[in-house]
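Okay, structure first, notes after.
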Amino acid sequence: MKLLHIDSSILGENSVSRTLTAEIVARLTALHPDAEVVYRDLTAESALHLSSGHLAVRFGAQAEAPDLTKDLEKAERDIQDLIGADTIVIGAPMYNFTVPTQLKAWIDRIVVAGRTFKYSDAGTPESLLPSGKKVIIASTRGGAYQDASMAGLEHQESYLKGVLGFIGLTDVTIIRAEGLAMGDEAKDAAISQARGEIAALAA
């Protein structure tokens, strides 16, 4: 089993999503002792935002700037990480109703026409990734977005499920801890619930 572990929180040791992804990976490696784990901290090695230079290279131009060349090498590594992984664990906190920009930059490097998906003659997307991959998302939020009054502001889990599904990653499990900024009791209850779901993960 090959496991890709991705963190995107900027909070370091204070991050609940990092705590949960570490516990998810610990659970999975306990179930699969021979698992190979690749870890990527998207805040420790932030990718550049997409630019005209990136797009020019995709259409055959040469990368001239050293920082762009390095970033393109990292992008290729990210695609190979994704291709090789059986399970992808993603730490995804909500920042301003959506995912961190670091995670968005990673997504911009793995959702690439001709590499991870293609369009059919009918114009529908088709995955180019090996089948059978699983995704587990550790979703953390300061507020609560399950009721109708807040649901319209949720562009985190819905975005991730949509964009990952676009490239064929449809087997997605979300382990959620929300209400983390709504007092200690709510925070403790949310984390406890998430840990119960992690403990229930099966091989």
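Find out how many positive minus negative residues lie around ILE79, taking Lys and Arg as positive, Asp and Glu as negative, among other residues whose Cβ is under 9 Å from that of ILE79.
Values: positive: ARG77, ARG109, ARG115; negative: GLU76, ASP78, ASP81.
Residues near ILE79 contribute 0 overall.
Can you give the helix-only mean residue ellipticity at 222 nm for the chain, where every DSSP H stretch with n ≥ 4 adds -39500 (n - 2.57) and the sum goes over all residues, rounded to the nearest 500 deg cm²/dmol?
Values: 7 runs with 82 residues, N = 203.
It comes out at -12500 deg cm²/dmol, rounded to the nearest 500.
Taking the full set of protein chains and a 1.4 angstrom probe, give the accessible area of ASP184 in square angstrom, rounded to the nearest 10.
120 Å²
Between the alpha-carbon centers of the stretch 26-86 and the stretch 95-113, tell me the distance in whole angstrom.
12 Å
Taking the chain as a Gaussian network, where each spring joins two C-alpha atoms under 10 Å apart, which residue of ALA190, ALA47, ALA56 fluctuates the most?
ALA56
Could you give the accessible area per residue of the chain, probe 1.4 Å, as a whole number in Å²?
Values: 10350 Å² over 203 residues.
That works out to 51 Å² for each residue.
Which value does Rg/Rh take for the stretch 149-202 over its C-alpha atoms, Rh per Kirkwood? Provide the component values of the computation, followed by the final result.
Details: Rg = 13.6 Å, Rh = 12.9 Å.
Rg/Rh: 1.05.
Calculate the spin-label point distance for ILE10 paired with SER158, positioning each point 7 Å from the Cα along the beta-carbon direction, and give it in nanometres.
Each label point lies 7 Å from its Cα, and together they span 2.4 nm.
So what is the orientation-averaged projected area of the chain, using the convex hull of its C-alpha atoms, in nm²?
Working: hull surface 51.4 nm².
For the chain, averaging the hull's shadow over all directions gives 12.8 nm².
Taking springs between alpha-carbon atoms closer than 10 angstrom, which of GLY53, GLY165, GLY179 fluctuates most in the Gaussian network model of the chain?
Highest fluctuation of the listed residues: GLY53.
Considering only protein heavy atoms and a 1.4 Å probe, what is the carbon-and-sulfur percentage of the accessible area of the stretch 75-178? Don't jump to the answer; show the numbers that get you there.
Details: 2350 of 4440 Å².
Result for the stretch 75-178: 53 percent of the exposed heavy-atom area is carbon or sulfur.
Among ALA44, ALA105, ALA122, which one shows the biggest mean-square fluctuation in a GNM of the chain, springs joining Cα atoms closer than 10 Å?
Residue with maximal mean-square fluctuation among ALA44, ALA105, ALA122: ALA122.
The values are calculated or read from the model by the stated rules, or taken from the named source; none is laboratory data. Treat the numbers as computed from the prediction; the structure is a model and nothing was measured. Cβ coordinates were reconstructed from backbone atoms using ideal geometry, including for glycine residues, and neighbour counts include every protein chain displayed. When the accessible area is computed, the model is the full protein with side chains, heavy atoms only, and any ligands, DNA or RNA have been set aside. Shrake-Rupley method; radii C 1.70, N 1.55, O 1.52, S 1.80 Å.
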